[in-house]
Amino acid sequence: MNILFAASEAFPFIKTGGLGDVVHSLPLALNRLGHDVRLVLPAYRDVLASVDALVELGFWDLPGASVTHRVRVLQAHHEGLADYLYLIDVPSLFDRAGNPYVHSDGFNWPDNAERFTVFSRAVAQMAKGIPGTDWHPDVVHCHDWQTGLVPAFLSMFHPRPKTVFTIHNLAYDGHFSHDDFTRLALPPEWWSPEYVEFYGGFSMLKAGMVFADHVTTVSPTYAREICTPEFGYRFEGVLQSLGDKLSGILNGIDLDIWNPASDEHLKQTYQADQPWCKAKLANKNALLKKAGLVSGKAPLLGFIGRLVEQKGVDLIAEMLPALFKTTDAVMIILGSGHMSYETELVTLAEKYPTRLHVHIGYSEDLAHQIEAGCDLFVMPSRFEPCGLNQMYSLRYGTPPVVNFTGGLADTVTDASTMALTEKTANGFVFHDVNADALLAAIRRALSIYGKPAQWQSLCETAMRQELGWENSAKKYQALYKK
């Protein structure tokens with residue numbers, strides 16, 4: 001099949017989170033199954049700087065917010081996707097420095113409604129035919145609110161390709177005002193609770209749900225959770241109405257990038273089917289030295305992620321003093337986010353300089369070293385559509401400690417007595433979202449850490465999990481065919 005992927009980010013061109021990883025890895029997995037997958041992104045300044053051999057295929061004049069934009073379609077070359085990367089070039093909307101969604105002060109770009117409406121119009125035009133080619137998609141696969149209007153625009157075309165819309169995180173819904181709706185010259189009949197109207201404004205995420213032929217989320221458990229008021233962000237009624245049109249397919253990870261057997265970021269590489277304990281210890285000691293933490297036999301915990309409430313960062317901060325008082329554990333944290341959490345964690349690191357290291361920001365090098373060098377990976381998310389870090393941790397033999405939610409529930413099997421005996425356990429799961437429950441799960445993990453044979457068996461089970469994209473890509477393939 002011919003499949004057009006439309007998204008607002010993709011590794012390695014531009015990435016703010018897991019969406020970028022998925023949009024990079026899934027097309028490659030589908031290509032390996034024999035499909036012709038092509039990717040279209042906005043022509044952000046950083047993306048244009050990261051590609052070569054740009055060719056202009058054509059242009060359209062498309063309406064924006066009370067103005068008509070000249071929209072160029074560019075074909076770019078990149079090793080991973082050959083010549084099948086397309087860029088929608090509108091300099092007034094996308095040629096700007098920094099984050100694709102927010103400016104330097106952390107607030108959304110004020111013209112986001114226009115930016116991603118014009119992008120969606122252009123993708124819909126591409127679905128009718130890419131200028132200068134005879135290629136037509138059978139399926140257009142759209143990702144998150146930034147592409148939610150693509151299925152809506154395509155619903156106006158006959159004939160048209162089928163559409164799949166994937167929700168990566170329901171918390172981000174692309175909600176804009178009625179004034180934006182009017183200025184963007186969207187069809188008046190869409191202004192209805194049945195279509196895109198949502199609590200006095202309009203939601204691009206809702207547009208994707210309502211108009212797509214099928215809606216997916218990034219894990220089966222999250223697909224069920226978002227149909228409830230607790231996780232539905234007021235969309236639970238819309239999602240319940242989808243019925244069989246909604247399903248969850250678990251994300252995979254890139255097994256080449258996240259591979260302890262060949263990871264160039266590590267002090268020593270290792271793999272599950274060979275003696276690995278000494279190599280993992282070497283990575284741990286190198287990480288401890290780099291972070292300036294106490295070395296020795298103390299268990300090392302790690303966290304990588306956004307420092308926001310969703311990720312349970314407040315639970316980590318609350319339980320750390322008790323953890324340090326009652327155990328010899330040390331911890332390293334990598335991430336950035338809300339200033340209050342950053343400040344609280346930095347203050348804790350100053351109070352416990354030999355027990356806690358906090359790196360504000362992001363480092364790909366350090367992220368790989370944390371996954372390989374830590375003994376436990378702490379991921380107490382309040383909700384997690386899929387989660388990738390827990391899968392990276394499994395791959396690197398670093399059992400994760402997780403809350404039972406979303407993709408975490410779908411990938412981590414708790415180290416119960418039975419699961420340990422049957423060698424199906426690969427981590428530690430808690431069910432009450434509070435600091436005491438997190439601390440209890442970590443203490444339970446440390447008690448098994450003190451039993452080397454049992455711990456080694458647990459780590460080897462984790463490393464042998466099937467975490468790549470092959471199985472998930474086959475599920476998407478079946479969905480496209482259906």
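Each value in this text was obtained by applying a stated rule to the coordinates, not by laboratory testing. The shown structure was predicted, so the numbers you read here are calculated from the model rather than taken from an experiment. FYI the Cβ positions are ideal-geometry reconstructions off the backbone, even for glycines, and counts take in every protein chain you see.
At a Cα cut-off below 20 Å, give the aspartates and glutamates reachable from Lys475, other chains included and same-chain residues fewer than 8 away excluded.
Of all the aspartates and glutamates, those that pass the test against Lys475 - Cα under 20 Å, at least 8 places apart if same chain - are Asp21, Asp36, Asp138, Asp144, Asp213, Asp244, Asp254, Asp410, Glu466.
Taking the simple approach of a point 7 Å from Cα along Cα-to-Cβ for both Val67 and Lys278, what is their distance in nm?
Distance between label points: 6.5 nm.
Using the Kirkwood radius over Cα pairs, work out the Stokes-Einstein diffusion coefficient for the chain at 37 °C and 0.692 mPa s, in µm²/s as a whole number.
140
Taking only C-alpha pairs under 8 Å that are 6+ residues apart, what is the relative contact order of the range 277-463 in percent?
Relative contact order for the range 277-463 comes out at 21 percent.
Using 0.36 nm per residue, how much length does the chain from Glu422 to Ser92 gain when fully extended, once their Cα-Cα distance is taken away?
Computed gain between Glu422 and Ser92 is 112.9 nm.
Just the number: Rg to Rh for the range 277-463, Cα atoms, Kirkwood Rh, two decimals.
Ratio value, two decimals: 0.92.
Once you charge only the Cβ atoms, +1 for Lys and Arg and -1 for Asp and Glu, what is the size of the charge dipole of the range 277-463 about its Cα centre, to the nearest 20 debye?
Details: 17 positive and 18 negative charges, 145 e Å.
Charge dipole of the range 277-463: 700 debye, to the nearest 20.
How high is the relative contact order of the range 322-418, in percent, with contacts defined as C-alpha pairs under 8 Å that are six or more residues apart?
The value is 21 percent.
Please quote Rg/Rh for the range 101-215 to two decimal places, taking the Kirkwood radius as Rh and restricting both calculations to Cα atoms.
Rounded to two decimals, Rg over Rh is 0.97.
With Cβ to Cβ distances under 11 Å as the rule, what net charge do the other residues near Val71 carry (K, R +1; D, E -1)?
+1
Which of the lysines could a cross-linker bridge to Lys289, judged by Cα under 18 Å and excluding same-chain residues fewer than eight apart?
Reachable lysines: Lys267, Lys278, Lys280, Lys297.
Can you list the aspartates and glutamates whose alpha carbon is less than 17 Å from that of Lys325, not counting same-chain residues fewer than 8 positions off?
Partners within reach: Glu350, Asp436.
List the residues, sorted by chain then number, that are 5 or more residues from Thr166 or on another chain and whose placed amide H is less than 5 Å from its amide H.
Result for Thr166 returns Cys142, His143, Asp144, Thr216.
Just how large is the dipole of the range 1-151 about the Cα centre, in debye to the nearest 20, putting +1 at every Lys and Arg Cβ and -1 at every Asp and Glu Cβ? Don't skip to the end; give the middle numbers.
Values: 10 positive and 17 negative charges, 36 e Å.
Using only the charged Cβ atoms, the result is roughly 180 debye.
If we sort 210-222, 34-46, 369-381, 228-240 on the protection proxy, mean other Cβ atoms within 10 Å, highest first, what's the order?
369-381, 210-222, 34-46, 228-240
Subtract the Cα-Cα distance of His431 and Lys451 from 0.36 nm times their separation in residues, and report this length gain in nm to one decimal.
4.7 nm
Taking only C-alpha pairs under 8 Å that are 6+ residues apart, what is the relative contact order of the chain in percent?
Across the chain, relative contact order equals 12 percent.
Show me, for the range 132-147, the HN-Hα J-couplings you get by feeding each phi into the Karplus relation (A = 6.51, B = -1.76, C = 1.60, θ = phi - 60°), rounded to Hz, glycine and proline as x.
Values per residue, Gly and Pro as x: x, 9, 10, 8, 10, x, 7, 9, 10, 9, 10, 10, 6, 4, 4, 10 Hz.
Could you check the simple spin-label distance between Met1 and Ala185, using points 7 Å along Cα→Cβ, in nm with one decimal?
3.3
Over the range 370-482, what portion of Cα pair distances is larger than 25 Å, expressed as a whole percent?
21
Distance between the C-alpha centers of the range 79-145 and the range 254-277? Whole Å please.
When both Cα centres are located, 35 Å separates them.
Which of the chymotrypsin sites (Phe, Trp or Tyr not before Pro) found in the range 111-157 are in a DSSP loop and have at most 14 neighbouring Cβ atoms, other than their own, within 10 Å? It would help to have the intermediate numbers written out before the result.
Working: sites: Phe116, Phe119, Trp135, Trp145, Phe153, Phe157; in loops: Trp135, Phe157.
Sites meeting the loop and neighbour criteria: Trp135, Phe157.
Using the Karplus curve 6.51 cos²θ - 1.76 cosθ + 1.60 with θ = phi - 60°, what ³J(HN,Hα) values do you get for each residue of the range 229-240, in whole Hz, with x for Gly and Pro?
Here the 3J(HN,Hα) series is x, 4, 10, x, 6, 6, 8, 4, x, 4, 5, 4 Hz.
Report the net charge of residues surrounding Leu315, where surrounding means a beta-carbon distance below 13 angstrom and charges are Lys +1, Arg +1, Asp -1, Glu -1. Before the final figure, lay out each step's value.
Values: positive: Lys311, Arg382; negative: Glu309, Asp314, Glu318, Glu344, Asp432, Asp436.
Net local charge, Leu315 excluded: -4.
Go through Leu239, Ser336, Gln146 and say which Cα lies farthest out towards the positive end of the charge dipole of the chain; charges sit on Cβ, +1 for Lys and Arg, -1 for Asp and Glu.
My answer, from the dipole projection, is Ser336.
Evaluate E = 1/(1 + (r/R0)^6) for Lys475 and Ser295, where r is the Cβ-Cβ distance and R0 equals 30 Å; express this FRET efficiency to the nearest 0.05.
That pair, Lys475 with Ser295, gives E of 0.10.
Near the amide H of Leu356, under 5 Å away, which other amide H atoms are found, from residues 5 or more places off or on another chain, if H is placed in the peptide plane?
The list, which skips near neighbours in sequence, is Met331.
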